[in-house]
Ligand SMILES: Nc1ncnc2c1ncn2[C@@H]1O[C@H](COP(=O)(O)OP(=O)(O)OP(=O)(O)O)[C@@H](O)[C@H]1O
Ligand SMILES: [Mg+2]
């Protein structure tokens, strides 16, 4: 290390911390003295800079690319030279990015899900398109996952590039052995003939997409020889004769998109990066080798349920207790969806979706239905049974159509009952591919659906079975545990169910509540129905004695042990929530 920590550079910067060393430069964080803000300094020893890295004026080539000012490039502050202990250095100061590289993210959390992968891929395509279409086209020539940074400084993660060291004008005479920091698996075959083109950039992007989504390199084997290795070319050509091995652990569509962008023959790749991004974005899909237009498909969940329903009923008035939840739903969601313009002025937005979870029979499905009645919005109810019976094929397109119909009828609530069956954790293996791609489709549809006037409610008693990406910020982000009713709630449920029935005046509701610990709402409903039946046969009012007799005979559906299990599941789930919120927000940069 060059030990530049603590020095001052040209009265502009005070070097703070060493960040990393690459083969050609050292990176430090520094303080910009005039503003006290943090900057990133890439420092080069002048004597070690390769000629090829300098332009005709003797400046680092990277500077001209930073100057293009593409949003994914770090903002250029200044650049210059300085001397320290008689050694000459050059430096480039850029904005400081708070975040981690994609390769660090993969090390920390494992490969990214398809949704996040595609988001990054689309950003890479967007940048490449901009560079390729300049009047003097620029090529990326070699980007590694180390040099893609997830900027976590804002509420939504953004993708940034760093070390634009391999970038060149298309007209420059670039050579494969100049490429820095890449493996032989990440570059196109023609690169070894020193042919660099938008098509070789496309290959590079395809290889990155594969790596981000699977955690390994795409071709041949795990062999990842640095291009600087003297045998790189020979080793590469040797491997090239072997067959491709792309993991089966990727959805069929994404796999075929990657495969095409990695074709050995550049003519077999997509015609342009724009074309590649259309396929990644599913504006086009490949099926059996044919291209389908993905915009005009029929949707039919269950029996012709593509027409939304407007639920009529008493709404929240039918729910006993749960006042806090009702108030939250009213003020944070219903009001905001009803008056979007008003709330927008104050910067208040609604969440995308909410998960209600907890033990069975405690009212999750009930609350979500009552929510729809209360709100008076259009609503779609999707139950597991509907999904499994009609989603035999083409599931993703139907899902897409569901959200399209919902958006056309906005504001709309889509309610997924027993969502663990609809959006289960994605699994590896051929047999899960169909389900996995449905889950992927849900991921992309639910993401920021509130912007299209859609609010999603989902219910489950098995929250740990749901795909975790579904539960993150921007998707089903609000998680509410619906516990068994407490004493007061049970009293209210008894009152509610007996309200309009032929019952004695002297029912002791406090007593009923106190002897029904662990009885859930549906148990109480059952008790009252059963007592009513007995009373009807006897042709007497429903009495305290009749109810007590039923309770004696009827065991609560929850016992202490089961309840403890649910509580433990709740704890784990809440803890995951906390660590997730700290460590991982969705990658939600804008698509153009
Ligand atoms: N707060 C409540 N007030 C009045 N009735 C309620 C309440 N909560 C639940 N119920 C009654 O209990 C029945 C069962 O509740 P629900 O089906 O919503 O439970 P759930 O939590 O969805 O259970 P599961 O996890 O098994 O799907 C409802 O049909 C409703 O009649
Ligand atoms: Mg339910």
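The values are calculated or read from the model by the stated rules, or taken from the named source; none is laboratory data. Predicted, not measured: the structure shown is a model, and the values here were computed from it. Cβ atoms come from the backbone with ideal geometry, glycine included; neighbour counts cover every protein chain shown.
What are the residues in region 400-428 that are in contact (Cβ under 8 Å) with a residue 60 or more places away in the chain and more than 18 Å from residue 377 (Cα to Cα), if any?
Listed by number, the residues that qualify are 400, 401, 419, 426, 428.
Can you tell me which residues in region 529-562 are assigned to a loop (DSSP other than H, G, I, E, B) and in contact with a strand residue (DSSP E or B) (Cβ under 8 Å, 6 or more places away or on another chain)?
Scanning region 529-562 gives 541, 543.
From the list 107, 160, exactly one residue is modelled with pLDDT of 85 or more and farther than 20 Å from residue 62 by Cα. Which is it?
Sole residue among the options that is modelled with pLDDT of 85 or more and farther than 20 Å from residue 62 by Cα: 107.
Take residue 513 and decide whether it is closer than 28 Å to residue 525 by Cα and within 16 Å of ligand 2 (Cβ to nearest atom).
No; evaluated as a whole, the condition is false for this residue.
For residue 507, work out the one condition from (1) in the same structural domain as residue 328 (by TED's automatic domain parsing); (2) within 24 Å of residue 523 (Cβ to Cβ) it doesn't fulfil.
Against the list (1) in the same structural domain as residue 328 (by TED's automatic domain parsing); (2) within 24 Å of residue 523 (Cβ to Cβ), residue 507 comes up short only on (1).
Restricting the search to region 498-527, which residues are in a helix (DSSP H, G or I), surrounded by 20 or more Cβ atoms within 10 Å (Cβ to Cβ) and within 11 Å of ligand 1 (Cβ to nearest atom)?
Once the filter is applied, which keeps residues that are in a helix (DSSP H, G or I), surrounded by 20 or more Cβ atoms within 10 Å (Cβ to Cβ) and within 11 Å of ligand 1 (Cβ to nearest atom), region 498-527 yields 521, 523, 524.
Checking residue 135 against (1) more than 30 Å from residue 447 (Cβ to Cβ); (2) surrounded by 14 or more Cβ atoms within 10 Å (Cβ to Cβ), only one condition comes out false. Which one?
Residue 135 satisfies all of (1) more than 30 Å from residue 447 (Cβ to Cβ); (2) surrounded by 14 or more Cβ atoms within 10 Å (Cβ to Cβ) except (2).
State all residues of region 367-389 that are part of a helix (DSSP H, G or I) and modelled with pLDDT under 80; if no residue qualifies, say none.
384, 385, 386, 387, 388, 389 - these are the residues of region 367-389 that are part of a helix (DSSP H, G or I) and modelled with pLDDT under 80.
With respect to residue 425, determine if the residue is at pLDDT 85 or above and more than 27 Å from residue 341 (Cβ to Cβ).
yes
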